[in-house]
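Engineer: So that we are looking at the same thing, I have put the structure below in structure tokens.
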Amino acid sequence: MARTSRDLDKKLLLVGEALIQEVGVSGLSMREVAKIAEVNLGMLSYYFKGKDEFVLKILSSLYSPFIHELESMKSLENINEEERFKSLLNKMSQFSFTHRRLIMVLMKDLLSGDPTFKNFMETHFSKHFTLISDEIFTYLKWKKINPTHWPRLQRTILSSIGLSNVMLAYQEMHFNQRSNESEQFDLQIQGVLALIEKHK
């Protein structure tokens with residue numbers, strides 16, 4: 001049976017996603033994508049106008065479900081603030097754990113000033129940052145934490161979850177260390193809650 005255009009489109013994106021996790025956006029070669037996907041380079045160009053469009057399509061497909069989950073928190077009902085905040089932390093931890101290796105290489109792209117990834121960050125990060133920050137500040141207000149501590153706690157919460165999973169990816173790559181997924185989530189969430197309690 002002939003491969004449909006939708007199947008090929010999906011295959012190319014999956015190959016691109018796997019390669020980005022290895023070499024980052026800056027190291028991605030469209031020629032290599034075509035080679036691994038076993039299609040000619042012209043076929044890749046037929047589906048995507050260029051590398052920028054291809055990369056943005058991949059990153060958006062990974063990022064959009066996370067944004068949707070954050071937005072859906074606004075409509076949560078019959079849940080107290082404690083459980084709501086734990087749900088937020090769990091979503092953040094799951095996303096950064098699942099994509100820990102990708103986040104690590106993308107941080108390198110960001111620091112190197114890769115224009116494609118920089119464009120993606122400018123378009124998407126502010127929305128994600130605002131959604132998470134609103135939830136964090138709502139919880140800190142509910143816990144009656146002094147507002148002067150909010151910005152520092154916000155930074156610490158974001159880094160304690162995101163950066164810890166990046167470090168895990170580094171350990172896995174270079175030291176062959178592995179971590180239990182549920183244990184990792186619990187440690188991160190309990191660490192954040194304990195930190196906030198110290199500021200009451």
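Engineer: Using Cα pairs closer than 8 Å and at least 6 residues apart in sequence, work out the relative contact order for the range 5-197, in percent.
Structural biologist: Working: 128 pairs, mean separation 48.1, N = 193.
Reported as a whole number, the value is 25 percent.
Engineer: Hey, another quick one. What translational D, rounded to a whole number of µm²/s, comes out for the range 91-158 from Stokes-Einstein when the hydrodynamic radius is the Kirkwood one over Cα pairs, at 37 °C and 0.692 mPa s?
Structural biologist: 239 µm²/s
Engineer: Another question about this same structure. Would you mind estimating how fast the chain diffuses translationally, via Stokes-Einstein at 20 °C and 1.002 mPa s with the Kirkwood radius over Cα pairs, in µm²/s? Before the final figure, lay out the partial values.
Structural biologist: On the way: Rh = 18.8 Å.
The Stokes-Einstein estimate is 114 µm²/s.
Engineer: Full-extension gain between Phe125 and Ile36, please, as 0.36 nm times their residue separation minus the C-alpha to C-alpha distance.
Structural biologist: Net length gain for the segment: 29.0 nm.
Engineer: Give me the one-decimal nm value for the distance between modelled label points at Leu193 and His68, 7 Å along each residue's Cα-to-Cβ direction.
Structural biologist: Between Leu193 and His68, the simple spin-label model gives 2.9 nm.
Engineer: Contour minus end-to-end for Ser45 and Ser29, with contour as 0.36 nm per residue of separation and end-to-end as the Cα-Cα distance?
Structural biologist: Value of the extension gain: 4.5 nm.
Engineer: Compute the distance in nm between two label points, each set 7 Å from the Cα along the Cα-to-Cβ direction, one at Gln171 and one at Asp134.
Structural biologist: Here the answer is 3.5 nm between the modelled labels.
Engineer: By how many degrees, 0 to 90 and rounded to 10, does the Cα axis of helix 115-142 deviate from the longest principal axis of the chain?
Structural biologist: 20 degrees
Engineer: Rounded to the nearest 500, what is the chain's calculated 222 nm mean residue ellipticity when only DSSP H runs of at least 4 contribute -39500 (n - 2.57) each, over all residues?
Structural biologist: Roughly -26500 deg cm²/dmol at 222 nm, from the helical runs in the chain.
Engineer: What is the distance, in nm, between label points placed 7 Å from the Cα along the Cα-to-Cβ direction at Arg178 and at Leu111?
Structural biologist: Those two pseudo-labels are separated by 2.8 nm.
Engineer: Please go through the range 34-76 and write out the GluC sites (Glu not before Pro) that DSSP classes as loop and that have at most 12 other C-beta atoms within 10 Å.
Structural biologist: Glu38
Engineer: Highest mean first, what order results for 98-107, 167-176, 130-139 on Cβ atoms within 10 Å?
Structural biologist: For the peptides 98-107, 167-176, 130-139, the packing ranking is 98-107, 130-139, 167-176.
Engineer: Quick one: of Lys10/Lys91; Lys49/Lys108; Lys57/Lys118; Lys11/Lys91, which pairs are farther than 18 Å apart, Cα to Cα?
Structural biologist: Values: Lys10/Lys91 26 Å; Lys49/Lys108 25 Å; Lys57/Lys118 14 Å; Lys11/Lys91 27 Å.
Those over the limit are Lys10/Lys91; Lys49/Lys108; Lys11/Lys91.
Engineer: Pop the C-beta distance of Arg155 and Asn78 into the FRET formula with R0 = 41 Å and round what comes out to the nearest 0.05. If you can, show how the numbers build up before the last one.
Structural biologist: Details: r = 31 Å, r/R0 = 0.76.
Step by step, r from the Cβ atoms, then E = 0.85.
Engineer: Take the alpha carbon gyration tensor of the range 13-59, find the square roots of its eigenvalues, order them as a ≥ b ≥ c, and report rounded if a/c is under 1.5; if not, report prolate when a/b exceeds b/c, else oblate.
Structural biologist: Note, shape of the range 13-59 comes out oblate.
Engineer: Using a cut-off of 20 Å between alpha-carbon atoms, which aspartates and glutamates can reach Lys200, once sequence neighbours fewer than 8 places away in the same chain are excluded?
Structural biologist: Glu81, Glu82, Glu83, Asp134, Glu135
Engineer: Next question. Which number do you get for Rg(Cα) / (2.2 N^0.38 Å) in the range 130-200?
Structural biologist: Values: Rg = 14.2 Å, N = 71, 2.2 N^0.38 = 11.1 Å.
Expressed relative to 2.2 N^0.38 Å, the Cα Rg reads 1.28.
Read-outs throughout are calculated quantities, based only on the coordinates presented, and are distinct from any laboratory measurement. No experiment lies behind these values; they were computed from the predicted model shown. Every residue, glycine among them, receives a Cβ derived from its backbone with ideal geometry; neighbour counts consider all protein chains shown.
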